[in-house]
Amino acid sequence: MGIRLLVVDDHRLVAEALVRLLQQDAAIQVVGLATTGPEALTLARSLRPSLVLMDVGLPGMDGIEATWTLRRQLPDIPVLILTMHEQEAYALEAMRAGAAGYLLKTAAPDELLEAVRAVARGEGIVYPKVSPAALQRVARAVARWRDPSALSRRELQVLQMISQGASIGEAAAQLQLSPHTVRNHLKGVYRKLGVRGRVEAAAYAVRRGLVKA
């Protein structure tokens, strides 16, 4: 069976050049082309591609956020990020969002085609400047994210309240706990989810549908 590919890039000329390159491989069929995150989600739902090739620098909803949403709504469709951002932080954020691969637009054509094939086979591929230790941290966090039982009932309650703007004291009062206990639960949330602080924890909660944005 061939690879049904959805290409997402807000630069039309770049996107069309990618389509021409990708279709040189008889096993790859480009079934759709999107220029924004919301359009990519709509097309992914209707076309059900076997793989999404996603740019990061999209207007409005960027490629990382689009990947978060797509992976939550359509977890069977893998995402390969193709971007100009070579900083390790971008690659790690893409992995946290659930991307199966991360590749630079400076890659050779053969490297891009092989990356598409690899991700379609269920293999991961990441730009080599990302340190193995960092990838291991992300892999552990992502593995926990896929397990809804990673958080205890209290930890989940604390996460939801903090994400909705409650202070430590307010959460403690409502849950009838001491502020010290709430802080300990919050530390457990950070550790189990692999996030750094309230901002990342709140973003996780919103993206996973635990609280409303």
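Please treat every number below as a calculation from the coordinates, not as lab data. Remember, it's a predicted structure, so these values are computed and weren't measured experimentally. Using ideal geometry, Cβ is built from the backbone for each residue, glycine included, and neighbour counts are taken over all protein chains shown.
Taking only alpha carbon atoms, the chain gives an Rg to Rh ratio of 1.04, where Rh is the Kirkwood radius. Using θ = phi - 60° in the Karplus curve 6.51 cos²θ - 1.76 cosθ + 1.60, the 3J(HN,Hα) couplings for segment 35-42 round to 10, 9, x, x, 5, 4, 5, 4 Hz; x is entered for Gly and Pro. The gain in end-to-end length when the THR106 to GLU86 segment is fully stretched comes to 6.2 nm, 0.36 nm per residue minus the alpha carbon separation. Going by alpha carbons, how many degrees (0 to 90, nearest 10) lie between the helix axis of 63-73 and the longest principal axis of the chain? The helix 63-73 is inclined about 80 degrees to the chain.
Applying 0.36 nm per residue to the separation of HIS11 and TYR190 and subtracting their alpha-carbon distance, the gain on full extension is 60.7 nm. Normalised Debye scattering of segment 1-68 at q = 0.16, 0.17, 0.21, 0.24 Å⁻¹ gives log10 I(q)/I(0) of -0.47, -0.53, -0.80, -1.01, counting only Cα atoms as equal scatterers and leaving out solvent. Whole-Hz Karplus values for segment 158-171 come out as 5, 4, 4, 5, 5, 5, 8, x, 6, 7, 4, x, 5, 5 Hz, taken residue by residue from phi with 6.51 cos²θ - 1.76 cosθ + 1.60 and θ = phi - 60°; glycine and proline positions read x. Calculated FRET efficiency, VAL206 to ALA27, Cβ-Cβ distance, R0 = 41 Å: about 0.65 to the nearest 0.05.
Helix content alone sets the calculated 222 nm mean residue ellipticity of the chain: runs of n ≥ 4 DSSP H residues at -39500 (n - 2.57) each, divided across all residues, give -16000 deg cm²/dmol.
Ranked by the mean number of other Cβ atoms within 10 Å per residue, highest first, peptides 40-48, 94-102 order as 94-102, 40-48.
Once backbone amide H atoms are built at 1.01 Å from N, ALA34 has VAL7, VAL8, ASP9 as its partners under 5 Å, excluding neighbours fewer than 5 places away on the same chain. Each Cα pair of segment 43-119 feeds into the Kirkwood radius, which the Stokes-Einstein equation turns, at 37 °C and 0.692 mPa s, into a diffusion coefficient of 262 µm²/s.
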